[in-house]
Each structure stands twice: as structure tokens, then as C-alpha cells.
Amino acid sequence: MEEYRIKGLSCAHCAAEIEKKIRSLEHGESATLNYNTGKLKIDEKVDLKQVEKILSEDGAFIEKTQAHHHEHEHSHHQGVNLKFLLIVSTALYFIAFFLEKQTNSFLVIGLYLIAMVISGYQTFLKGLKNLVKLKFNIDTLMTVALIGAISIGEWKEATVVAILFGLNEYLEGIGMEKARKSMEKLLEVAPKQATVLKDGIEKVVPIESLQVGDIVLVKPGEKIPSDGVVMEGKSSVNEAAITGESLPVEKESGETVFGGSINNEGILKIEITKSYEDSSLAKILHLVEEAQETKTPTELFINRFAKYYTPLIMIVAVLVMVIPPLFFGAEWNKWFYQGLAVLIVGCPCALILSSPIAIVSGITRNARNGILVKGGVFLEQLGKINTIAFDKTGTLTRSSPNYCVNSPLIDNMDLMT
């Protein structure tokens, strides 16, 4: 299986739709796309050009490892461009708003239309495609609302809808990207290089190239590259990131050490017993990554709910538009406007995104503080806990009693009598 980092995913529902399309490709049956981590796993036989075409339809793209820096800049510029477009469209909206009563109406409508296109064209195009395929999601809601507002001449309201939805997507993208970047920073705790001793010569090599039986030299302040056994030297080692022990552990010849722990003062010569991918630190980081990919009951419920919620909102909006004029003699224009308001207010975007961001941020924040949560399911269960029992001296205490307060058992007056 090949793994790729995906940038530009707009929502969890969109990611699920992309995954479905990729699975329909030849050899793509086992493909998985996780919105939380932004990772795509596909069979190496899958045509990557077809995958990139499917991703581009939703404004997403592959961040290839060999061009990480370039793609990171591309992702950054994409965010900056969206921000710039929103600023321009907002400025155009206010210019049109102030000129509304002072100049030609065609000029004002033109300014509104340009502002609308600048901030909402991506949503509009995706929504039109969905309408043709009779697929109903958030983009479809917004597209129908825009078309409806324009059809009744509410150019101002249509522009506000486009700008607000563009702002909504921008802020959601920032929120999810921050959560993902916090995980990337967590993965940076792993050492990147190791000093290998071969025939008495020191050589710095990438950690991935370490093999079982290699002898490495670890100097004070450096991280131990992988699990191994001390051959020579004596030092204290900080294993807090691996074992949770707050106090340094003394290590000497013949004792085992864990990859990712920090050598404090002495020089250690260590024989590697596990390659990095099999080391304790690598397994912990892998568990944290896997934890992000597991969906919680809340996420699963929200995704199922959104599947039926969007069509339901559209039905409710139609009923609001039609029932009052048909049965109560109300004005068509007024209630058509109210129906459009239902479409906009009913957008479930924030609901769908709330759970993934909370789970990813929670798991990552805990991991950075030395607490490994093996999945969002367990993180949710923490909210139901009212009592926690700890049995490990040295983790919560320093194993050295201190004098805190003097509280006499016998009153001084009673003692005198």
C-alpha cells in the first residue's frame, strides 16, 4: 500500500465521497482516505493520475514526500489566496452597498456578482455538479440558496451568503490544518539521525537505515535512536516520553534502553536490537496516528445524521416556500425568501466538522504531554469518568515526603489542664 498526504480536503463528507470514487477505480477496492489525518492509502497498482483527477474535482491535491517543501508552500499559498479573495469580495460588497442608492443599478449588480463569484465559485461549481447527479450535500444547499436569491433579485443577500460560506470554509480549513500540524510536530520528537561506529569510524546516518547489530554512539543531550543494549559507558537516561517515569534512570553496560529516550550526561555506546520502525517510540507514534483514524460513536452518528439531514432541510425549505402561499394566501415572494433562509441556516457544516477537530486536537495535546490515548472512543469515555485511581509512585509523587502543615490533634488548652 502506498501512503500519500492529501491537502485541500473541504469536509469529512467530501472525503468520504472521494474515497468512494477512488475505490471504484481498478485495484482501488482497498483505498482509504481519512479526513482527520489527511492521509490516503491506496494499492500501488492504482493509476495515480486518475486519483489526482478525482481529488482535483474537490479542490484537493497530493502532497508528495519528495516535494514536501514545495507542496507545503503550495498549501500555504492556497490558504493565503482564499483569504485574499475573501478580503477582495468583502471590499466589493461594501462598495456596492454604499453605491446602491447613488449610481446605476447595473453597476451595483455587477459589483455584487463579481464579489459573489470571487468568494463562492468553488462551492457553486461543486453544487451544480451535485444537482445534475441529484446528490444533496452542503454545497448543494448553498448553490440552491444562491440561485434562489438571484432569481428573486436579492443580489445583496446572495453575495452575503457566498462570502459567509467562503469564510466558513476558510476558518474550518484553518482549524483542521492546525490540528493536523500539531500531530506532525508530535512526530518530530523522533530522532532523525544516528552516529554509527564502524571500524572505529563515526558516521552520521539517517535513522531509517539503522539495522539490528549496529553500534551507535549517543552523546550527552542526544536522543537514543532505537531500542538497544548498552555496550559501554554509564549515564542517566530520561525515559519519560516512553515509560512515563518522571525521574531519570541510571544505565550502564548490559542494560536495555528505549529509542526516543534522552541521554543526560555520559557517553553511551549502544548495540541496536530493533530497527527504528520496530522500536518502542515508533510503535507509540504509530498508535497515536491510528488513534486519529478511528471514528468515535459521535462521529459515526453525525455522519449518518448528515446523510439524511441535508435532503430533509431541502424538503423543509420547499414546504416553507409553498405551503403558506398555497393554503393561507400569503405572498409568494416573502415565503420564497423565508425558504432560502431555511436552506442557509440549516447548513450542517459546523456540526459535521466539530467532532473530528475536537478528537484530533485532544489526542495530539495529550500525546505531547506524555498521555497516550489509543482512540477517540476512549477520549469520549473520559468525559464520563468521575474517579481515577493511580498506583504508581514517582509518576504523581516524587517519592520523598515533605512537611506541609502542622495540625495538632489535642487542643492546647486541654493539654495545659
Out of curiosity, is residue 183 surrounded by 14 or more Cβ atoms within 10 Å (Cβ to Cβ) and modelled with pLDDT under 90? yes
Which ones in the range 142-167 are of a type in the set (D, E, K, R) and part of a helix (DSSP H, G or I)? 156, 157
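So that you can scan it fast, the table gives a plain yes or no per residue for (1) modelled with pLDDT of 90 or more; (2) aliphatic (A, V, I, L, M); (3) on the phi < 0 side of the Ramachandran plot:
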site	(1), (2), (3)
188	no, no, yes
192	no, no, yes
214	yes, no, yes
241	no, yes, yes
246	no, no, yes
260	no, no, no
At least 1 residues that are among the hydroxyl-bearing types (Ser, Thr, Tyr) and within 17 Å of residue 275 (Cβ to Cβ) in each: list the strands (runs of 3 or more DSSP E) lying fully within the range 185-241 that qualify. 193-198
Note on residue 30: of the conditions (1) assigned to a loop (DSSP other than H, G, I, E, B); (2) over 26 Å from residue 287 (Cβ atoms); (3) modelled with pLDDT of 85 or more, unmet is (2)
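Within the range 257-274, how many residues turn out to be farther than 18 Å from residue 200 by Cβ and not in a loop (DSSP other than H, G, I, E, B)? I'd like the intermediate steps shown before the answer.
Here is the first cut: in the range 257-274, the ones farther than 18 Å from residue 200 by Cβ are 257-266, 273-274.
Cutting the leftovers down to not in a loop (DSSP other than H, G, I, E, B) gives us 257, 262-263.
Residues that pass the stated criteria total 3.
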Which condition number does residue 276 fail, the rest of (1) surrounded by fewer than 20 Cβ atoms within 10 Å (Cβ to Cβ); (2) touching an Asp or Glu at 6+ places or on another chain (Cβ under 8 Å) being met? (1)
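The values are calculated or read from the model by the stated rules, or taken from the named source; none is laboratory data. Bear in mind that the values here come from a model prediction, so they are computed numbers and not experimental data. All Cβ positions, even for glycine, are placed from backbone atoms using ideal geometry, and neighbour counts span all protein chains on display.
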